[in-house]
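Note sheet for the following structure.
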Amino acid sequence: MGRFLGRAVGVAACVAALAATLCGQEGVASAPVPGAPGPAETLYTQLGDVGLDPSRVFHIRDASIDRGAVHITLNDGTIAFTQDVAGKVTGAFFEGDGEVLVSPPNRVERASMALFTGGAILEETFSTAYLRFNDQAMPQWKSKVSPTDVATAFVTQWNETARILSQMDALRLLLTFAQDLPPASPALSTTEHPDSYLHARIQGHKLGKFDVYYDTHSPEQVRVTQMRTMQEDSYYDTWTSFAVGQSGRPPDDLTSDTGDGAAADEIHIEKYKIRAEVRPPTELKATTELQLDVREGGSRTILFELSRFLKVERAEADEIPVEFIHNPALEGSRLAARGDDLVALVFPKPLVTGEHMRLRFTYSGDVLADAGSGLLYVGARGTWYPNRGLEMADFDLQFRYPPAWELVATGKQTQELDGAMPTSTDGVSRWVTEHPIPLAGFNLGKYVRAQSHAGDVAIDVYAARGVEKTFPQGSKEGMDPAHPLLAMPVAPSPAKNAQPVADLAAKAIDFFSSRFGPYPYAKLAITQMPGNLSQGWPGLIFLSSFSFLDNTERASLHMSDVDNVMDKYLLVHETAHQWWGDTVTWAGYRDQWLVEALANYSSLMLLESLDPAGFRMVMEQYRENLLETNDDGVPLTKDGPVTLGGRLSNSQFPHGYETISYQRGTWLLHMLRCMMRDAEHEKNPSAEHNGPDAFQKTLLKLRERYAGKPITTADVIRAFEADMPPSLYYEGHKSLDWFYQGWVNGSAIPRLRLQNVKFTEHAAETLVSGTIQQGEAPEDMVTSVPVYAVTNKRTVLLGRVFADGPETPFHLKAPAGTRKIMLDPEQTVLTQVK
Ligand SMILES: [Zn+2]
């Protein structure tokens, strides 16, 4: 499901806020169903508004619930079960003495738990718990309950709380119980695909309110989360999330990487046809037709993501109306944290494997905002049409919009319009994909156009004459110390700087296509976007107004040199997403860092080729950023490895995801590249280096192999293993497992020191021995360290040593007369250098 975390890096880009913070609009649109609510909506409403049953309140002792790695014990207290919904008990409220135990299965998950709770294992006593389930927990407790005389008081006290909390799980329970709607269909649950769900909202004694989930529909069945509000900002903290598998034993190795999108989808959408009318300043009206294949039948419900600001009027399957439920993400839920709102379609009978279907949604709403200067803010970019997350599909888009606006979309523009056109002066344009793309979007504004070319790829830049009204402007009072950006003396004009933007993108396309294969689309459109976020969509870049500034304008913003470079190269980063992210997509949240790191490092390889000093400056800035601590003095290295994806942004480190996945991710790729480069050099020291290097050749293979497909962290590690020269074998194994364990799935930044260095003259060379100390790293951390001899103001690579644990002795041969050696003088390894 939803993987629309935005793609951005740079000065102040706030990525995770993508669809959730739309133009400050508040409120929730609920979808009206013509006439009376249908059976599915009635069921959904009941599931989300269920209170406690006064006739089912008991004293309970020594009852337990065990699901996967979740153990909840109700030692002694009072429990009230909820009223029946469709003849079933689906929840209970407990007050008394209880305990919850969750043991995360591996080092990363235990460290994550410890970051948020102070302990590697969740072991918490509690006084109240609200439980929700789909698998009839009550009968198991028959022998544990006895009558109580406090029933009325208990229900009076807790009924309203239980009723409010019941909304949280309504949609998930609907997936189970919609199967029972008339005409009843076989239950969703089979031994192969169990359907077991438990959610406990717990009021812990030490840790406050938190949620424990066990859900067999999720690839990571166990999840413990907490919603925290700090200084008016809300954070969704994931304490732990892991798969338990059939055996109940979680995996902890590379071969069993799981992510929330890694599982094959039961529905495949082949083609979208969208007919939309855009009415600035706010409105979008659209009909979206989807051709889909049911790959695995049995369910009666399909979930789609669609912005809460778009109200569905009608949903049809093969021309027959289908019941739908619009479920805006609940405040504080995981979906809200991702900005996803869902629409559920509930079919009159279970879907059949192999079935083809045409769905049509008709909807409208306010998802645009006038940002000023002829710029519209297109909100809900990832959810303006119903979709199931990133998945390769063909798109046929046609838009109607008022004259004077220009609209640019993903796909190739065609003059063949669909349907009779009105005689009005409206603009109409149609965009059809040449091959499947993972997502589609559009932008519109009152633009000035500039053009450049890279081979036969046309690059069109669409920039407005001005910037959005919220852009920092010159103020008569001069500079506001709290907002240095207010120092802008003159309003900048992106249109004026559109040509250099087009030229830089052309340079990027030339550079990338000569290394990672041809540019994948017919054109690249770069459109100005208000705000400081940028995104690289297939053939369409939304580029922040900030990235259109010229050097004088940047200077007047008092941006640091390194911020200048990073802001300028944001365009190159977004261009690199055409290969990494749009052509090769990612499998699950644990793999998302890959496309950010690949796009970012690709942009920095171009920077390095044009401006080596700028490249080193950016890498050094990243190193410093990665060594920062938060306000409580907790180092960012404690936030976890790149493989935690969006979980890295949390109440402890609000921008952890951006810093770690982009910047540590970039360093990881740089380390791999330098290892391969050194190995090539050792093999053939006098070789000329023109064209793609070994690292870039592996990336080309990745692009060729995974074009149109999602990639996992394991895929990338294996691709580099396959191309690894023997000099990089650690302990004789053709394996990068040490790199995965310590660097990719680890978060330390070690400190390296040379000790006990001795030089011995031997024939025509000098033998060097010594010890590499590795500190501030786990005992089992392995680091490949280049060792150089310094002779006559020249440094010569002697070789690489695997620093394994705290102390590693080494022996190397050096040119005769060597009296000084250094570890990694070119700073190609992410270590602490100060
Ligand atoms: Zn990005």
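The values are calculated or read from the model by the stated rules, or taken from the named source; none is laboratory data. Remember, it's a predicted structure, so these values are computed and weren't measured experimentally. Here the Cβ is made from the backbone with ideal geometry for all residues, glycine too, and neighbour counts use every protein chain on show. When the accessible area is computed, the model is the full protein with side chains, heavy atoms only, and any ligands, DNA or RNA have been set aside. Shrake-Rupley method; radii C 1.70, N 1.55, O 1.52, S 1.80 Å.
Some values worked out for this structure:
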quantity	calculated
Qualifying residue in region 31-48 (condition: away from the ligand (no atom under 16 Å from the Cβ), in a strand (DSSP E or B) and either at pLDDT below 60 or touching a strand residue (DSSP E or B) at 6+ places or on another chain (Cβ under 9 Å) (or both))	no
Residue within region 252-262 that is under 26 Å from the mean Cα position of the chain (by Cα), among the small types (Gly, Ala, Ser), modelled with pLDDT under 95 and under 30 Å from Gln398 (Cα atoms) present	yes
Residue among Glu682, Glu721 that is touching a strand residue (DSSP E or B) at 6+ places or on another chain (Cβ under 8 Å) and among the acidic types (Asp, Glu)	Glu682
Enumeration of residues in region 391-423 that are assigned to a loop (DSSP other than H, G, I, E, B), among the β-branched types (Val, Ile, Thr) and open to solvent by 10 Å² or more (accessible area, probe 1.4 Å)	Thr423
Test: Asn756 is open to solvent by 60 Å² or more (accessible area, probe 1.4 Å), at pLDDT below 95, more than 28 Å from Pro635 (Cα to Cα) and not basic (Lys, Arg)	no
Any pair with Cβ under 9 angstrom, 6 or more apart, that starts in region 555-576 at a residue that is under 21 Å from Gln535 (Cβ atoms) and ends at one that is within 11 Å of the ligand (Cβ to nearest atom) and among the acidic types (Asp, Glu)	His573/Glu596
Test result for Ala508, open to solvent by less than 10 Å² (accessible area, probe 1.4 Å), among the hydrophobic types (A, V, I, L, M, F, W, C), away from the ligand (no atom under 13 Å from the Cβ) and in contact with a Ser or Thr (Cβ under 6 Å, 6 or more places away or on another chain)	yes
Among the candidates Phe546, Phe516, residue that is modelled with pLDDT of 95 or more, within 16 Å of the ligand (Cβ to nearest atom) and aromatic (Phe, Trp, Tyr)	Phe516
Residues of region 552-593 classified as closer than 16 Å to Arg515 by Cβ, within 12 Å of the ligand (Cβ to nearest atom) and open to solvent by 10 Å² or more (accessible area, probe 1.4 Å), total	0
Hits in region 677-707 - residues which are hydroxyl-bearing (Ser, Thr, Tyr) and assigned to a helix (DSSP H, G or I)	Thr698, Tyr706
Inter-residue pairs, beta-carbon under 6 Å, first of a type in the set (S, T, N, Q) and in region 348-359, second modelled with pLDDT under 95, 6+ apart	Thr353/Glu296; Thr353/Gly297
All positions within region 758-788 that are closer than 19 Å to Met675 by Cβ and part of a strand (DSSP E or B)	Ile772, Gln774, Val782, Thr783, Ser784, Val785, Pro786, Val787, Tyr788
Inter-residue pairs, beta-carbon under 9 Å, first among the aromatic types (Phe, Trp, Tyr) and in region 691-711, second in a loop (DSSP other than H, G, I, E, B), 6+ apart	Phe695/Asp723; Tyr706/Thr583
Pairs with Cβ under 8 Å, 6+ apart, first in region 228-244 and closer than 20 Å to Glu123 by Cβ, second among the hydrophobic types (A, V, I, L, M, F, W, C) and open to solvent by 60 Å² or more (accessible area, probe 1.4 Å)	Asp237/Met227
Test: residue in region 525-543 that is assigned to a helix (DSSP H, G or I) and more than 13 Å from the ligand (Cβ to nearest atom)	no
Filter pass, Asp426 being open to solvent by less than 70 Å² (accessible area, probe 1.4 Å), more than 34 Å from the chain's Cα centre (by Cα) and at pLDDT 85 or above	yes
Residue match in region 596-617 (condition: within 23 Å of Pro750 (Cα to Cα), touching a residue at least 24 places away in the same chain (Cβ under 8 Å) and in contact with a Lys or Arg (Cβ under 7 Å, 6 or more places away or on another chain))	no
Spans of helices (runs of 4 or more DSSP H) in region 106-212 with at least 1 residues touching a residue at least 12 places away in the same chain (Cβ under 8 Å) and open to solvent by 40 Å² or more (accessible area, probe 1.4 Å)	107-117, 151-165
Selection within region 74-94 - surrounded by fewer than 16 Cβ atoms within 10 Å (Cβ to Cβ) and in a strand (DSSP E or B)	Asn75, Asp76
Output for region 213-237, where each listed residue is in a strand (DSSP E or B) and either within 22 Å of Ala170 (Cβ to Cβ) or among the aromatic types (Phe, Trp, Tyr) (or both)	Tyr213, Tyr214, Asp215, Val222, Arg223, Val224, Thr225, Gln226, Met227, Ser234, Tyr235, Tyr236
So Ser452, is it open to solvent by 10 Å² or more (accessible area, probe 1.4 Å), among the hydroxyl-bearing types (Ser, Thr, Tyr), modelled with pLDDT of 90 or more and assigned to a strand (DSSP E or B)	yes
Matching residues, region 761-776, being under 12 Å from Gly817 (Cα atoms) and surrounded by 11 or more Cβ atoms within 10 Å (Cβ to Cβ)	Glu761, Glu765, Thr766, Leu767, Val768
Residue count, region 338-375 (criterion: over 30 Å from Asp293 (Cα atoms), outside any loop (DSSP other than H, G, I, E, B) and either at pLDDT below 90 or open to solvent by 10 Å² or more (accessible area, probe 1.4 Å) (or both))	5
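Results for (1) within 16 Å of the ligand (Cβ to nearest atom); (2) within 20 Å of Val716 (Cβ to Cβ); (3) assigned to a helix (DSSP H, G or I); (4) at pLDDT 95 or above, shown as yes or no for each residue.
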residue	(1), (2), (3), (4)
Val595	yes, yes, yes, yes
Ser602	yes, yes, yes, yes
Val618	yes, no, yes, yes
Gln621	no, no, yes, yes
Asn650	no, no, no, yes
Thr659	yes, no, yes, yes
